[in-house]
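What follows draws every value from the coordinates through simple rules; no lab data is involved. These numbers were taken from a predicted model, which means no experiment stands behind them. Cβ placement follows ideal geometry from the backbone for every residue including glycine, while neighbour counts extend to all protein chains displayed.
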Amino acid sequence: MCDHMFVVTGGPGSGKTSLIDALVRRGHRSMPEAGRAIIQDQVRIGGSSLPWGDRAMFAELMLGWELRSHHEASTLEGPVLMDRGIPDVVGYLTLCGLPVPDHVETAARLYRYNSRVFIAPYWDAIFAQDAERKQDRQEAEATARVMAETYARLGYQLIELPRTSVEARADFIETQLSSR
């Protein structure tokens, strides 16, 4: 059982990573997001497994990353904050209009997290694009919606993060973690 692993998901630019970084500074453990690191590596090596290239291969690389993160986090003590999870790969493929291979769906059902999943809603005030985050506002909103639908379909309880400061969001999560 992996009740100690808590996923933080949502659309791009919704403050997930900043929130997790704040919680790490408070002493919590975390597993990093796959997408940004894969994009950086693929760009560095001239690879095509990118959201603006071979989306299916990008999803496979994310799946491998998320499986590794799940395995690593399962060996840790105490709460571990996951910057996205395996169901995010299902959501990504769905968002792209690509088929979800059976092995990806199986992974999302087999490798579970705590039943409570934190979802960062789209928030125009903090959304920004950068070298790895090229999605526009509409795609960011759609991503948040698809992630919520995907996690709910897989039986997770969604807890929406408040649209407030990073520190207040961190306080909110710490309160949720203490009520396990």
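Run the helix sum for the chain: -39,500 (n - 2.57) per DSSP H stretch of 4+ residues, divided by residue count, reported at 222 nm to the nearest 500 deg cm²/dmol.
Numbers: 7 runs with 91 residues, N = 180.
So the helix-based figure for the chain works out to -16000 deg cm²/dmol.
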Taking the chain as a Gaussian network, where each spring joins two C-alpha atoms under 10 Å apart, which residue of D83, D54, D21 fluctuates the most? D54
Please give the contour-minus-distance gain from R25 to R116: 0.36 nm per residue of separation, less the Cα-Cα distance, rounded to one decimal in nm. 30.5 nm
Environment charge at A22 (Cβ cut-off 12 Å; Lys +1, Arg +1, Asp -1, Glu -1): 0
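Treating only the Cβ atoms of Lys and Arg (+1) and Asp and Glu (-1) as charged, compute the dipole magnitude of the chain about its Cα centre; round to the nearest 20 debye.
200
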Per-residue Cβ contact counts at 10 Å, fewest first, order H103, H70, H4 as H103, H4, H70
Cα Rg, Dmax, region 5-178, angstrom units: 15.1, 44
For S49, S69, S165, ascending order of other Cβ atoms within 10 Å (fewest first) is S165, S49, S69
Over the residues of region 37-91, compute the C-alpha Rg and express it relative to 2.2 N^0.38 Å. 1.26
